Amino acid sequence: MKILCEKNELLSGINIALRAIPSKTTMEILDCLKIKTEGDSIVLIGNDMSLGIETRVKGTIVEEGSLVVNAKIFSEIIRKMPDSEIVFEANETTANIKCEKINFDIAVRSAMDYPDLPTIEKNNYAEMSQLTLKDMIRQTVFSIGPDSDQMKAMTGELFEIKDRTFRIVALDGHRISLRKVELNEDYGNQKVIVPGKTLNELLKILSGELEDKVKIFFSQNHILFEMDNTIVLSRLIEGEYYQVDRMISPDYETLVKINKREISDSIDRATLLLKENEKKPLIFNMQDNEMEVKLKTPFGKFEEKLLMEKEGSDIKIAFNPKFMLDALKVVDDESINIYFMNTKSPCVIKDKNETYMYLILPVNFNDD
């Protein structure tokens, strides 16, 4: 095998494939990248048996072949090479990596040792902009719950397609995040749970360009994201997702309209009095057209008053400030609507068309 490739081109592909290399594994082969040639492309593959990534980079193929190389060593060697052409030449046991006057010889293994990515039928799919998918994941993924065998579904997000509506839902027991968009075509109905790890890595790979498309293929056990030069293949989480529609009530007693930046900045200032991971209630007292934001900790006391528009009853309620701030950070609207029922019921932040919705449970507080 002998290939030639520009350093930055090769490194870009390596960094994408590395996202599927496990941080810890008992299978030594999974610490490796598979490199193979196909046509005029260099193909790089990472696989942790739950998440697999295959990406292609352009290069000159002098001699075809395939092999496996330690991912960490190979990536660091390429990273520290000059910005010039890389010459990679290998036999069955050793690879020589040359760039300008630099030479490395490293051990390689047979590609036969490396587990193949599963092959799935590409019958059921949907297509959308990479920018749209990236935004939908970014605006929901923070609500995924921690790893738990008892609540496995919470460690992923629901991907649901009904006719032309695509919806993503995440929840962790304290909050629900929901985003939906209308697709350009009717792709039928799909409903799967995608692991949070997959989505966090996908976020870093999606281009974020409106013109760039991604196809999402659905099978019984896997989901496949196909972009121009990269595919991301992931196992699905088994089981049924929670009936979130039953948890969200359209009823409310109080509607508050407020500038998003003003309330976000206020919460951000209040959290200066909190230690990292400290849980103290942030109190919102809404009367007439004024919202009072209060927080008290051993370090001190914070109070701020904000202008707002209110429909309905006055209300005093408290929330975890982090949960409120997480939701507000990803809302792009200048003004937001917050719906309240009572001090024991969750608030709901949503737009009129419900393209986004964030439900946050309140917390108990002492009114002192």
In order over region 247-252: 3J(HN,Hα) from phi, Karplus 6.51/-1.76/1.60, θ = phi - 60°, whole Hz, x for each Gly or Pro, gives 8, 10, 9, x, 7, 7
Note on region 158-268: C-alpha Rg/Rh, Kirkwood Rh, two decimals, gives 1.02
Qualifying GluC sites (Glu not before Pro) for region 140-190 [loop in DSSP, other Cβ within 10 Å: at most 14]
185
When only DSSP loop residues count, what trypsin sites (Lys or Arg not before Pro) in region 98-200 have their Cβ near at most 12 other Cβ atoms within 10 Å?
101, 122
Using Cα-Cα distances under 8 Å and only pairs 6 or more residues apart, what relative contact order does the chain have, in percent?
13
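Once you have a ≥ b ≥ c as the square roots of the Cα gyration tensor eigenvalues for region 77-204, tell me rounded if a/c is under 1.5, and otherwise prolate or oblate according to whether a/b is larger than b/c.
prolate
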Out of 123, 189, 259, any idea which swings most in a Gaussian network model of the chain, alpha carbons joined below 10 Å?
123
What Kirkwood radius, in Å to one decimal, follows from the Cα pairs of region 193-253?
13.9
To the nearest 20 debye, region 90-238 has a Cα-centred charge dipole, built from +1 on Lys and Arg Cβ and -1 on Asp and Glu Cβ, of 380
In whole Å, largest first, the alpha carbons of region 248-360 cover along the principal axes 40, 27, 24
Separation of alpha-carbon centers, region 210-283 and region 1-16, rounded to whole Å:
34
Report the GluC sites (Glu not before Pro) located in region 65-155 that are in a DSSP loop and have at most 15 other Cβ atoms inside 10 Å of their Cβ, or state none.
92, 100, 121
Rounded if a/c is under 1.5, else prolate if a/b beats b/c, else oblate: with a ≥ b ≥ c from the C-alpha gyration tensor eigenvalues square-rooted, which is region 1-92?
prolate
Please list, in order along region 301-317, the HN-Hα scalar couplings obtained from phi with the Karplus expression 6.51 cos²θ - 1.76 cosθ + 1.60 (θ = phi - 60°), rounded to whole Hz, x for Gly and Pro.
9, 10, 9, 8, 10, 10, 7, 8, 10, 10, 10, x, 7, 5, 7, 10, 8
Which of 275/329; 305/344; 34/322; 204/296; 280/350; 162/279 have a Cα-Cα distance over 29 Å?
34/322; 204/296; 162/279
I'd like the distance separating the alpha-carbon centroids of region 129-158 and region 25-55, in whole Å.
25
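No lab work stands behind these numbers, since they all come straight from the coordinates. Computed from a predicted model, the values in this text were never measured in an experiment. Cβ atoms come from the backbone with ideal geometry, glycine included; neighbour counts cover every protein chain shown.
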